[in-house]
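Worksheet for the structure shown next.
The values are calculated or read from the model by the stated rules, or taken from the named source; none is laboratory data. Small disclaimer: the values here were computed from a predicted structure and weren't measured. Here the Cβ is made from the backbone with ideal geometry for all residues, glycine too, and neighbour counts use every protein chain on show. All accessible areas refer to the heavy atoms of the entire protein, side chains included, with ligands and DNA or RNA removed. Shrake-Rupley method; radii C 1.70, N 1.55, O 1.52, S 1.80 Å.
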Amino acid sequence: MVSVESSIVATAMPAMVASLGGFEYVSWVFAAYLLSQAVAIPIYGRLADLWGRKWLLVGSCCLFLLGTLLCSAAWGMISLVAFRFVQGVGGGGLQPIALTIIADLYPPVERVKIQGNLNAIWGVSALSGPLIGALLTASLGWRSVFWINLLPGIVMAVVLIATFRDRIVLRSHRIDYLGSVLLVVGVGSLLLTLVQFAQLDGSVIVILLALGAFFSGAETALTGASRARMHQHEQEGSRGARMVNRLREHKEQMIGALLLGNTVINILSSALATSVAIGLFGDRGVIYATVLMTVLVLIFAEVMPKTYAINYADRSALALAPAVRWVVSVLTPVTTSVSWIVRMLLGLFGIQVRTDALASNEEELR
């Protein structure tokens with residue numbers, strides 16, 4: 001259901017616009033679904049470990065079907081976007097919980113085979129989705145592209161309730177509500193920026209430069225803060241110092257997340273400046289934007305924050321540690337994947353990366 005959803009809806013989109021209007025909101029029909037799905041996936045994963053898989057999967061399936069039914073009854077483009085958000089919240093639990101159930105049911109030897117079969121469904125969906133969407137739209141109208149998920153979803157929920165026996169081990173736990181909210185805000189802001197990129201003006205560049213300064217200054221402050229003073233502050237009960245010390249215990253993850261954030265922000269601000277400059281000066285705007293952003297990024301997003309962080313390392317580290325902790329928690333999966341890819345590529349040339357290299361060189365860098 002999840003794999004075929006986007007390709008079918010994309011095929012029916014011209015008919016939806018002709019019926020509902022609101023062409024300016026077309027991108028949000030897909031963005032709302034992807035945003036809610038991306039935010040819901042890690043939350044579902046955590047709840048599945050705490051509350052079990054069965055009823056959480058049934059609940060996400062019912063929510064997905066409710067959103068699907070509401071989408072088929074949409075009376076305007078804005079209502080369709082809102083219902084797609086509901087659909088995405090339900091869809092965010094279907095795939096990760098299903099893969100988790102497979103990991104519970106099958107031993108590692110058979111698990112790879114089963115997951116390979118499931119991954120093949122995405123290829124089949126990419127090929128069959130547009131064809132099915134076109135046939136349904138031409139014969140039954142665009143609302144029918146949502147009805148196709150109702151019967152399989154109901155059958156799946158009934159079979160799951162009747163046959164699956166979940167093993168739930170209850171234990172004390174704490175749900176990070178603040179982290180969930182920050183995840184929603186962060187991913188939502190990023191997606192909003194990407195969707196509305198063409199409408200952004202120069203004032204956003206200032207915000208992006210400030211974020212770049214945050215990442216650059218945080219990296220310098222947290223690696224240059226005095227270990228002895230942070231330890232002393234932690235013994236005195238300072239929560240900020242405790243966060244600093246916990247972050248520095250995993251320096252590779254911390255620095256990788258900050259470098260990733262800084263790189264993405266600087267590239268995004270440069271791309272935005274280029275877009276604005278081209279609109280004002282034509283093709284020459286590329287040269288103007290390159291020169292301007294080089295100066296701005298160098299001074300305000302690199303040299304200035306790093307200079308301040310070097311001179312006030314302890315103070316800066318204590319102030320920035322809470323925000324950096326959330327950044328690391330969100331970006332660590334990405335940086336871990338990047339690190340693995342880099343080590344694999346270097347391994348092809350016979351270069352072995354030492355995991356303790358960063359720690360052994362810390363004092364020299366400082």
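Does THR100 count as open to solvent by less than 60 Å² (accessible area, probe 1.4 Å), within 21 Å of ILE132 (Cα to Cα) and β-branched (Val, Ile, Thr)? In short, no.
Restricting region 48-74 to residues that are open to solvent by less than 60 Å² (accessible area, probe 1.4 Å) and among the charged types (D, E, K, R), the residue that is nearest to SER144 (Cα to Cα) is LYS54.
No other residue among VAL181, VAL185, VAL206 is closer than 24 Å to LYS306 by Cα, open to solvent by 40 Å² or more (accessible area, probe 1.4 Å) and modelled with pLDDT of 70 or more apart from VAL206.
Within region 145-162, none of the residues are modelled with pLDDT under 80, farther than 16 Å from VAL29 by Cα and touching a helix residue (DSSP H, G or I) at 6+ places or on another chain (Cβ under 6 Å). Is there a residue in region 27-47 that is loosely packed, with under 15 Cβ neighbours inside 10 Å, part of a helix (DSSP H, G or I) and among the hydrophobic types (A, V, I, L, M, F, W, C)? Checked region 27-47: no residue is loosely packed, with under 15 Cβ neighbours inside 10 Å, part of a helix (DSSP H, G or I) and among the hydrophobic types (A, V, I, L, M, F, W, C). Checking ILE255, ILE278, ILE265 one by one, the residue that is open to solvent by less than 40 Å² (accessible area, probe 1.4 Å), over 17 Å from VAL303 (Cβ atoms) and part of a helix (DSSP H, G or I) is ILE255 and no other. Scanning region 11-26 for residues being open to solvent by 20 Å² or more (accessible area, probe 1.4 Å) and either assigned to a loop (DSSP other than H, G, I, E, B) or in contact (Cβ under 8 Å) with a residue 60 or more places away in the chain (or both) gives a total of 7.
Filtered by the rule that a residue be open to solvent by less than 20 Å² (accessible area, probe 1.4 Å) and not in a helix (DSSP H, G or I), region 75-91 gives a lone residue, GLY76. Looking for whichever is at pLDDT below 85, of a type in the set (D, E, K, R) and under 29 Å from PRO42 (Cβ atoms) here; the options are ARG343, ARG325, ARG354. Which one fits? Result of the check over ARG343, ARG325, ARG354: ARG343.
Yes or no: region 110-127 includes at least one residue that is at pLDDT 75 or above and of a type in the set (A, V, I, L, M). Among the residues of region 110-127, not one is at pLDDT 75 or above and of a type in the set (A, V, I, L, M), which makes the answer no.
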